[in-house]
Amino acid sequence: MSHLNFSRANCKNCYKCLRSCPVKAIKFKNEQAEIIENRCINCGHCLVICPQNAREITSDLEKVKQAISNGKKVIASIAPSFAGYFNEDLGKFIAALKSIGFYLVEETAVAAETVTNLYVKYIKKSDKKIHITTCCPSVNLLVEKYYPELIPCIIPIVTPMTAHGKIIKNKYGEETFVVFIGPCIGKKFEADNLCNKYIDAVLTYEEVEKWIEKEKINFKQIKPEKLQGVASKRGRGYPINGGILNALGDVLGFEKLSVSGTKECIEVLNSIKNKDINGVIVEASACKGSCIGGPNRIENKKDYFLRLMTVKNYIKNREKFVLCTENYNNDIYHIDFFTKFNNKKIVTQKPLIDDINKIMKSMGKYSKEDELNCGVCGYDTCKDKAKAIYEGMAETTMCLHYMRSKAENISNVIFENTATSIIILNEDMNILELNPAAEEIFNVNLENVVEKPISILMNDEDFKYVKETGRSITAKKISIPQYNVIFVENIIYLPKQNIIMASMVNIMEEEKNKRELMKVKERTLDAAQEVIEKQMRVAQEIASLLGETTAETKMILTKLKKVVEGEEGEIR
């Protein structure tokens, strides 16, 4: 089950998440970040550093509320790092948990004491020269997925969270609903791997805080309460960097090495893999500063060292927060706290050199000089990025320098070669840029007019209007006789850049052509009118002639009729 990923709406392709991911488990497709679960070590840092808060984290909150509603015995196992986050309100925080329905609140550190004892016994019996502690689930996954050959170095003991779940269910019954509360998102995955057998739900401090706020619990009025059970100083020191090793005490024949932060853990694992170090017990934590620097509070600006001092003070004054001194260690010997780690190696197809070279060229990397290896995209080198593209984990467009160069090249080609005159001014109406077309029209060189007012070339009223009103001018026809031009001007103001930009198309030739066309039309109309008039005169003349001829013909025909009539009369 996937517990964390990025929301599709908010991703802005800043690649900050990928830069923070030491195992590059984040895939970008169609400009959307996606966590690939089989590569992920579940440290959760990528989500909490996302500047767009584009995170989706599965919550067990409703499951816990349902368990309380159903009358189950819900017991909280709270990580000892909680003292660093709730400091002066520790007792009230415990009381708040009980008021929202928790049956008991115990420290996970109770089980950390048990884990410590088992570590010591295992190390003393083992003939291995390197041991890695197992409290951090993200480090455990890091080894299983990326350093499976080092699995034998991991001490095969469960984490304090799992151990505490076993202890609670052993004492209060299998039906008890155990909720782990801590700063670690990775614990959600650990609980899933247990199939809810020992830990039924995991809540982060953030989730619990919001729940308490929603219940409108008044911290000023609530009476402080104490924790159930007792945890030793050794167990409570686990969230502090080096706390696990301090709990182990002196182990003959071994140096103790504490590392925190995923990159530092990877360095140590590489050293072990290369056999550069030996005879060491390694305490490894994926979070910088161990659990106190957990991902659930990276966004919280509260000083790390203040949290550290608060936890240390809590350890010194632990009796103050404990309700009873019952020790579980006398009743747990029959519980199996051993575990097994498995080879989960990530297998990928290795690209051929030709494949990489082809991808490199597609990113504009034609030579060594083109390989900036800047890391902006999230990958340390351009070739690492090419390999990720080959594996389907990245896209060519993720290279900022390539895309910028491409955009600039296209922009420069357009700017340099367009026939449209382009003018860019600053807020004071001084010239910042003129393209070659504008230089030719105004018969100037940019270097001679840059930072000088536009008024030396043309009237600046339209530019001022756009700057003052924020309203663009579009398709306005203006004439500048001294340059023998007629422009169709478009002027816009870009407030973010605080510049005014004008694109001006010279339509003088078109205007000339229009005038010539009008003259041709006028001459054609005049000629047509003359033809019409001539035709009218001819028609009139023909009509006149036809009229005279018709009259004469009528007279002749009349006379002939009379003659014919006379002759007929004479015959009768």
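Checking segment 19-42 against the condition returns no match, with no residue being closer than 17 Å to residue 207 by Cα, out of contact with any helix residue (DSSP H, G or I) (no Cβ under 6 Å at 6 or more places or on another chain) and in contact (Cβ under 8 Å) with a residue 12 or more places away in the chain. Taken over segment 442-452, the criterion of being closer than 21 Å to residue 427 by Cβ and surrounded by fewer than 16 Cβ atoms within 10 Å (Cβ to Cβ) is satisfied by 446, 450, 451, 452.
Being assigned to a helix (DSSP H, G or I) and either out of contact with any strand residue (DSSP E or B) (no Cβ under 6 Å at 6 or more places or on another chain) or surrounded by fewer than 24 Cβ atoms within 10 Å (Cβ to Cβ) (or both) is true of residue 166.
Of the residues examined, residue 433 is one that is open to solvent by 70 Å² or more (accessible area, probe 1.4 Å) and acidic (Asp, Glu).
Note on segment 264-297: residues that are under 39 Å from the mean Cα position of the chain (by Cα) and open to solvent by 40 Å² or more (accessible area, probe 1.4 Å) amount to 10.
Screening segment 399-475 for helices (runs of 4 or more DSSP H) wholly inside it with 1 or more residues that are among the small types (Gly, Ala, Ser) and touching a helix residue (DSSP H, G or I) at 6+ places or on another chain (Cβ under 9 Å) returns the ranges 436-442. When residue 261 is tested against (1) touching a Lys or Arg at 6+ places or on another chain (Cβ under 9 Å); (2) open to solvent by 40 Å² or more (accessible area, probe 1.4 Å), exactly one condition is not met: (2).
Restricting the search to helices (runs of 4 or more DSSP H) fully inside segment 25-101 and requiring at least 2 residues that are surrounded by fewer than 16 Cβ atoms within 10 Å (Cβ to Cβ) and charged (D, E, K, R) gives 61-69.
Note on segment 355-372: residues that are in a helix (DSSP H, G or I) and open to solvent by less than 90 Å² (accessible area, probe 1.4 Å) amount to 7.
Among 122, 147, 172, which is the only one that is surrounded by fewer than 24 Cβ atoms within 10 Å (Cβ to Cβ) and within 24 Å of residue 240 (Cα to Cα)?
After applying the criteria, what remains is 122.
Here residue 18 meets the list (1) outside any loop (DSSP other than H, G, I, E, B); (2) on the phi > 0 side of the Ramachandran plot almost entirely, failing just condition (2). State whether one or more residues within segment 374-384 are modelled with pLDDT under 85, out of contact with any Ser or Thr (no Cβ under 9 Å at 6 or more places or on another chain) and open to solvent by 80 Å² or more (accessible area, probe 1.4 Å). No: segment 374-384 contains no residue that is modelled with pLDDT under 85, out of contact with any Ser or Thr (no Cβ under 9 Å at 6 or more places or on another chain) and open to solvent by 80 Å² or more (accessible area, probe 1.4 Å).
Checking the stated criteria, residue 400 turns out not to satisfy the condition of being more than 30 Å from residue 193 (Cα to Cα) and either touching a Leu at 6+ places or on another chain (Cβ under 7 Å) or at pLDDT 90 or above (or both). Take the conditions (1) touching a Gly at 6+ places or on another chain (Cβ under 6 Å); (2) at pLDDT 70 or above; residue 295 misses just one of them, which is (2). When restricted to residues that are open to solvent by 100 Å² or more (accessible area, probe 1.4 Å) and either assigned to a loop (DSSP other than H, G, I, E, B) or modelled with pLDDT under 90 (or both), segment 333-352 contains 9. Considering segment 176-227 alone, what residues qualify as being charged (D, E, K, R), assigned to a loop (DSSP other than H, G, I, E, B) and open to solvent by less than 30 Å² (accessible area, probe 1.4 Å)? Selection gives 200 alone. Here are 455, 405: which of them is in contact (Cβ under 8 Å) with a residue 12 or more places away in the chain, exposed (fewer than 15 other Cβ atoms within 10 Å of the Cβ) and more than 22 Å from residue 361 (Cβ to Cβ)? Only one candidate qualifies: 455. Annotation note: Cβ proximity below 8 Å between a residue of segment 186-213 that is over 17 Å from residue 82 (Cβ atoms) and a residue that is modelled with pLDDT of 90 or more and open to solvent by 50 Å² or more (accessible area, probe 1.4 Å) (sequence gap 6+ or interchain) occurs for 200/63.
The values are calculated or read from the model by the stated rules, or taken from the named source; none is laboratory data. The structure presented is a predicted model; accordingly, all values stated were derived computationally and were not measured. Note that each Cβ is placed from the backbone with ideal geometry, even for glycine, and that neighbours are counted across all protein chains shown. Surface accessibility is based on the protein's heavy atoms, side chains included, excluding ligands, DNA and RNA. Shrake-Rupley method; radii C 1.70, N 1.55, O 1.52, S 1.80 Å.
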